[in-house]
Each structure stands twice: as structure tokens, then as C-alpha cells.
Amino acid sequence: MALANIYQRKELLNNIILHSMGFENMYSARLKRIRSSEIRELLEISQKLGVISFAGGLPNPKAFPVNDIKEIVNKILEEEPVKALQYGATGGLAEFREELVKYVKKHGIETKFDELFITVGSQQALDIVGRVFIDEGDVIFVALPTYLGAINAFLAYGAKLVGVPLDENGMRVDLLEEKIKELKKKGEKLKMIYTVPTFQNPAGVELSEERRKRMIELANEHNLIIVEDEPYERLRFEGKPLRAIKSYDTEGRVIYMTTFSKILAPGFRLAYVIGGEEFSKKMVLAKQSMDLCAPGFTQAIAYHYIKNGYIEKHIPKIIEMYKRKRDIMLSALDEYFPPGCKWTKPKGGMFLWVELPKHISTIEMLSDAINEKVAYVHGKAFHVDGSGENTMRLNFTNPEDEMVREGIRRLANVIKKRI
Ligand SMILES: Cc1ncc(COP(=O)(O)O)c(C=O)c1O
């Protein structure tokens, strides 16, 4: 059976299962707002079928510091097993938080113990933000395109998501200002700006220094919260690190979050959030009923990973590998993609963004691509206004080097047939 048929059959089966059990009235309004994650479904299928997948947001397995983790785990189990295996405080292990306060200072953020807390991945942090701040109809400004997991987390709480276009310097803050003014005039309840400033998921672009400063000015002026989500900032291949928006925040309105998923291992499910003191207290309260506390075991490992300097030795190795893969993808794009296609040239992170000629739908093209054993995520999934049908996100970190090149060659053939 052709691969695309398998994909379509699975969708059909899912629909039949979802609609035939007679339980529709049981589900909450919140659940009904959540879109199924096309990326997860696609990943599942492509893993089974030997497809070269540019679809997921997966780190490369070779980037996991397995030997470091073994060493640290042995140390923990010999020296302080109870701390790692017992329930802990909702905000996180005290020594880990203290260590993180020092660590972020080295990277330009001044914070205090009470402002920083640990979460089960940044995804949980986004859900906590929704639970604490979002009421039905609250406006949240997001980039066009933006991270799908944030779209889902915020929609679940009834947010009204308003898209702001981005370019190679990140979200267009001039257009953000226009939209703020326009919606304010209409009496909408403006609540928040959500941004992934550095090597954005999905577009790979970086918010410029000037725009970071303007964004915080706008937030102060219009009483908005900024959620600054930074999973990729340490995966910088070139250029000077920029200051976090949080570092310009004098009023405690920026909620900064970052994760260990891309610099240690996503299986750890560990991230941390730095809000103002007031916001952090409320968010920790909300977290209590979600999980009591993040896993002590992975917190203890991550604590040693930072404190004993493993992290600073390991990150350059990830960067070297990912930069090489980015370069392979960029040169393959130059070589194989037909005229009329454009793509971003990220200076770090895990993704690049492709724009095809206007008449090509990357949704319709996906079944052709899967038949050719290559997968991507269509760009419409990341657009809250339903646009972006001729765009797609490509992940360059997960496939092996030679597969990156081969995958782009196959994808180019699929596109050429549509042109
Ligand atoms: C922008 C962004 N935010 C949050 C997350 C979720 O990360 P975590 O694994 O920490 O839950 C991701 C994961 O890809 C992401 O790209």
C-alpha cells in the first residue's frame, strides 16, 4: 500500500473511532478547543515507515550526553539517593534553583531564588501560563508563524490568538503596535505577547536587539505580559548572543522560560521559569495541583550537569553537529530546490522555514512527499490566521548527515512536479 494511503487510512480510522463511541457530550469545552497535533501523528507514521523526517523537533540522539549522565547517576545514587528519589518542593530542588540563579546570571539575567521555579518541560510552563493568566477571549499576540504547542496550550484556555507577521529579524514590532492600538480601540481585552526570540520555532529567525527593546516598551506602555520562550538560545552557531527581553524588564511583567530538552535530553522533561516574584508565586501555586513537583531524579542530574561544568563542555559538541547539518541542508537547498522557493538561513537552533510559490499547497503536497519517503510539517499548522499554506518547516538536527542531503533531493523532486 502506498505510504500516503496508509497515512490517510489512519486519519480516517481515527475519525471513525473519535466519532462513533457516543461520548461526545462527556468532553469539556477546553478539550474541544485543542487541535490534534499533526506533527506528533506524522512523526509516528514516518518513524514506522522509514521516511526521512524533517518533521519533528527532535534533537539528534547523538547529542545526548549518555556517559556524563551515567557518571552523574552513579554519584547521586551513591551519595544522596533520598534527595533524588523523594517528593520535593513544588518550585523545585533548592540547590538546583540556587545553581540556576547563578547560571542565568552568567547569561545576562539577574534573578532571585523566589522568582525561579522548575517545570516539567517548557510545555508545562506554557500550560501554567494559560491556567494562571488566560480568561476566555483574552488577546494574546503571537508571531505568524509561531510554535504549535503554545497555540494549543493557549487555545485550551479560550485565548484569542492574534497573529503578527515576522521577517528575518523576528516579529514585526511595528505591526504589533498597530494591532495593539487597533484592538484596544475595539475594546478587546489585551493580555500578552508570546515570543520565541532566538532561532524561533518554526521559522529559525532571531528577534533583533532593537525589536526586543521596542517589545518591552510596548508591553510597559499597554500593560501587557511578555512570555519569552527560549529553548534554542544556547544553540548558537554564529553571531553574538543578544540580551534576553527579561533583562530589560523593570516591572516584573516578563515571564522567561527555557528548557533542558535541547541541551541535555527531552526525556528529562525539565525546564525552568523566571517570572517576577508575584507572577512566580501564583504560577507555583497553579503547578501544585498539576504534579506536586517536577521529578527529583532528573532535577538532581541536571543540577550536577550544570554545577560540575558538564554542560559547558557538552553544548559546543551539539553546536558543532547541528551547524554541520544546517550547512548540509542549506547547500542541498541551493543545489536542488527549483527557482521560486525561498528559505531562512538560521544562525542556530533546529529549524529552517521554506516558502514555495503561492499556488503550491504544502498540505496537498504532503502525501506526495510521504510517498517519496520524506516528511515535513506544513506551515499552515503554525499560523493562527489560517495563512501559510505555501510554507513548511524543516528540522535539520534529527536525520543523519547523508539523509539530510538525500531528503532535500527527494523533496525538491516532489516540489518540481507541482511547479
Ligand atoms: C518554542 C518551544 N517552546 C516549548 C517547547 C517545549 O519544550 P519542552 O520539551 O521543554 O516541553 C518547544 C519544543 O520543541 C519549543 O520549540
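The values are calculated or read from the model by the stated rules, or taken from the named source; none is laboratory data. This one's a predicted model, so the numbers in the text were calculated from it and none came from an experiment. Note that each Cβ is placed from the backbone with ideal geometry, even for glycine, and that neighbours are counted across all protein chains shown. Surface accessibility is based on the protein's heavy atoms, side chains included, excluding ligands, DNA and RNA. Shrake-Rupley method; radii C 1.70, N 1.55, O 1.52, S 1.80 Å.
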(Q) So for segment 290-301 (the condition being assigned to a helix (DSSP H, G or I), of a type in the set (Asp, Glu) and away from the ligand (no atom under 16 Å from the Cβ)), does at least one residue qualify? (A) no
**Q.** Residues being closer than 24 Å to Asp249 by Cα and among the charged types (D, E, K, R) - total across segment 260-277
**A.** 1
**Q.** Elements of type helices (runs of 4 or more DSSP H) in segment 99-196, at least 1 residues being without any contact (Cβ under 8 Å) to a residue 40 or more places away in the chain and farther than 21 Å from Gly388 by Cα
**A.** 121-133, 173-185
Q. Of all residues in segment 285-307, which are in contact (Cβ under 8 Å) with a residue 24 or more places away in the chain, open to solvent by 20 Å² or more (accessible area, probe 1.4 Å), of a type outside the set (A, V, I, L, M, F, W, C) and out of contact with any Leu (no Cβ under 9 Å at 6 or more places or on another chain)?
A. Gln288, Asp291, Lys307
(Q) Can you tell me how many residues within segment 379-396 are without any contact (Cβ under 8 Å) to a residue 24 or more places away in the chain and crowded, with 17+ Cβ neighbours inside 10 Å? (A) 1
Q: Give the residue, chosen from Tyr322, Tyr336, that is hydroxyl-bearing (Ser, Thr, Tyr), open to solvent by 10 Å² or more (accessible area, probe 1.4 Å) and modelled with pLDDT of 95 or more.
A: Tyr336
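Looking for something within 13 Å of the ligand (Cβ to nearest atom) and within 19 Å of the chain's Cα centre (by Cα) - is there at least one such residue anywhere in segment 235-250?
Yes, segment 235-250 contains a residue that is within 13 Å of the ligand (Cβ to nearest atom) and within 19 Å of the chain's Cα centre (by Cα).
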(Q) Checking the conditions here, which among Asp174, Asp127 is open to solvent by 40 Å² or more (accessible area, probe 1.4 Å), among the acidic types (Asp, Glu) and within 21 Å of Arg243 (Cβ to Cβ)? (A) Asp174
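More than 16 Å from the ligand (Cβ to nearest atom) and either within 23 Å of the chain's Cα centre (by Cα) or open to solvent by 10 Å² or more (accessible area, probe 1.4 Å) (or both): which single residue out of Gly276, Gly267 fits that description?
After applying the criteria, what remains is Gly276.
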Q.
Just to be sure before I move on: is Ala84 in a helix (DSSP H, G or I), open to solvent by less than 20 Å² (accessible area, probe 1.4 Å) and touching a Ser or Thr at 6+ places or on another chain (Cβ under 7 Å) in the structure I sent?
A. no
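Suppose the filter is out of contact with any Phe, Trp or Tyr (no Cβ under 9 Å at 6 or more places or on another chain) and within 16 Å of the ligand (Cβ to nearest atom); does Pro197 pass it?
On the way: out of contact with any Phe, Trp or Tyr (no Cβ under 9 Å at 6 or more places or on another chain): yes; within 16 Å of the ligand (Cβ to nearest atom): yes.
Yes; evaluated as a whole, the condition is true for this residue.
Of the residues that make up segment 182-191, is at least one crowded, with 24+ Cβ neighbours inside 10 Å, under 23 Å from Ala125 (Cβ atoms) and touching a helix residue (DSSP H, G or I) at 6+ places or on another chain (Cβ under 7 Å)?
no
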Q.
When you check Lys317 against the structure, is it in contact with a strand residue (DSSP E or B) (Cβ under 7 Å, 6 or more places away or on another chain) and open to solvent by 70 Å² or more (accessible area, probe 1.4 Å), yes or no?
A. no
Q: Run down Leu330, Leu356 and say which single residue is without any contact (Cβ under 8 Å) to a residue 24 or more places away in the chain, out of contact with any Leu (no Cβ under 6 Å at 6 or more places or on another chain) and of a type outside the set (Gly, Ala, Ser).
A: Leu330
Q) Counting just the residues of segment 87-117 that are open to solvent by 20 Å² or more (accessible area, probe 1.4 Å) and among the hydrophobic types (A, V, I, L, M, F, W, C), which one comes out farthest from Ala244 (Cα to Cα)? A) Ala89
